[in-house]
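The values are calculated or read from the model by the stated rules, or taken from the named source; none is laboratory data. Bear in mind that the values here come from a model prediction, so they are computed numbers and not experimental data. Heads up, the Cβs are rebuilt from the backbone with ideal geometry, glycines too, and the neighbour counts pull from every protein chain shown. SASA here: full protein model, heavy atoms, side chains in, ligands and nucleic acids out. Shrake-Rupley method; radii C 1.70, N 1.55, O 1.52, S 1.80 Å.
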Amino acid sequence: MAAALAGAMAFAAPLALVAPVTPVAAQSASQQLDQVVTALRSITTLKADFTQTDRAGKTVSGELTLKNPGRIRFEYSKDVNMLVVADGKSLTLVDYEVAQVQRWPIKNSPLGALLDPKRDVKRFGKLVQTGNPNVLSVEVRDPKKPEYGVITLVMVKDAASPGGLKLHSWVALDSQNKRTTVRLSNHRYGVAVSNSAFRFKDPRKSSRRPR
């Protein structure tokens, strides 16, 4: 499915959010960027429901499991016979429908901003004005590596979340200009997550999706 493939490689903010950071707000922007970085680094584990929408407006849903550093799993609903998983090094798209596995280094995906400990969000991130003091948006891109794409993280102030910010959503543009929006809900932090959750059954050996 195209939506899942785009979601794996590209997770570009809505135009209404995009505005340059003015010099007057530069110091405040730096502090807010520090807060975003602290919040992201404070997440040890996270489970959340997600909806993923591609640029054509097609939406799929499922459950996200994240474990830092570098592990994530997008478990799609049963009608989507695919899986996206990262094991700390590689990001893998598993298509059980056609028994295909595609794999990329985490750093080559916009999701590296979330998963790659070597990706310095503050170094490559720019605060994007939202007009709402409770919503922080950060665009992350490496100008020297345009093939890595762009990801814009949207964080909402929430005292119950690590670092006081809840990861609400992200919008991404990959190197082929494919846009994908992912929104999270029903966040559960600090849950026990085994590393085995980031393994997968290879469909090239069996066409059946593991249950």
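If VAL94 meets every condition in (1) at pLDDT 90 or above; (2) part of a strand (DSSP E or B); (3) of a type outside the set (Asp, Glu); (4) surrounded by fewer than 19 Cβ atoms within 10 Å (Cβ to Cβ) apart from one, which number is that one? Condition (4) is where VAL94 drops out.
Pairing residues of segment 187-206 that are closer than 21 Å to SER90 by Cβ and open to solvent by 40 Å² or more (accessible area, probe 1.4 Å) with residues that are part of a loop (DSSP other than H, G, I, E, B) and at pLDDT below 90, at Cβ distances under 7 Å and at least 6 apart in sequence or on separate chains, gives LYS201/PRO210; ARG204/ALA99. Listed by position, the strands (runs of 3 or more DSSP E) inside segment 142-200 whose residues that are charged (D, E, K, R) number at least 2 are 179-189. Summed over segment 129-153, the residues that are open to solvent by 20 Å² or more (accessible area, probe 1.4 Å), within 15 Å of PRO110 (Cα to Cα) and at pLDDT below 90 give a count of 8. Scanning segment 115-128 for residues that are touching a Leu at 6+ places or on another chain (Cβ under 9 Å) and open to solvent by less than 30 Å² (accessible area, probe 1.4 Å) turns up LEU115, VAL121, GLY125, LEU127, VAL128. LEU184 satisfies every condition listed in (1) out of contact with any Phe, Trp or Tyr (no Cβ under 8 Å at 6 or more places or on another chain); (2) surrounded by fewer than 20 Cβ atoms within 10 Å (Cβ to Cβ); (3) closer than 23 Å to GLU75 by Cα except (1).
Scanning segment 154-180 for residues that are at pLDDT 95 or above and of a type in the set (Val, Ile, Thr) gives VAL154, VAL156.
Give me the residue from segment 50-65 that is in contact with an Asp or Glu (Cβ under 8 Å, 6 or more places away or on another chain) and hydroxyl-bearing (Ser, Thr, Tyr) and, out of that set, most open to solvent (accessible area, probe 1.4 Å). Selected residue: SER61. Scanning for something of a type in the set (Ser, Thr, Tyr) and within 13 Å of the chain's Cα centre (by Cα), does segment 109-132 turn up at least one residue? There is at least one residue in segment 109-132 that is of a type in the set (Ser, Thr, Tyr) and within 13 Å of the chain's Cα centre (by Cα).
Sub-6 Å Cβ pairs linking a first residue in segment 70-98 that is closer than 26 Å to SER42 by Cα to a second residue that is of a type in the set (Lys, Arg) and part of a strand (DSSP E or B), at least 6 apart or interchain, are VAL85/ARG73; ALA86/ARG71; GLY88/ARG71; SER90/ARG103; THR92/ARG103, ordered by first then second residue. One residue stands out among those in segment 163-172 that are within 20 Å of GLY112 (Cβ to Cβ) and more than 12 Å from the chain's Cα centre (by Cα): the one that is most open to solvent (accessible area, probe 1.4 Å), which is GLY163. Restricted to segment 97-114, and to residues there that are surrounded by fewer than 21 Cβ atoms within 10 Å (Cβ to Cβ) and among the hydrophobic types (A, V, I, L, M, F, W, C), the residue that is modelled with the lowest pLDDT is TRP104. Inside segment 6-54, residues that are at pLDDT below 80, touching a strand residue (DSSP E or B) at 6+ places or on another chain (Cβ under 6 Å) and under 18 Å from THR65 (Cα atoms) make up a count of 4.
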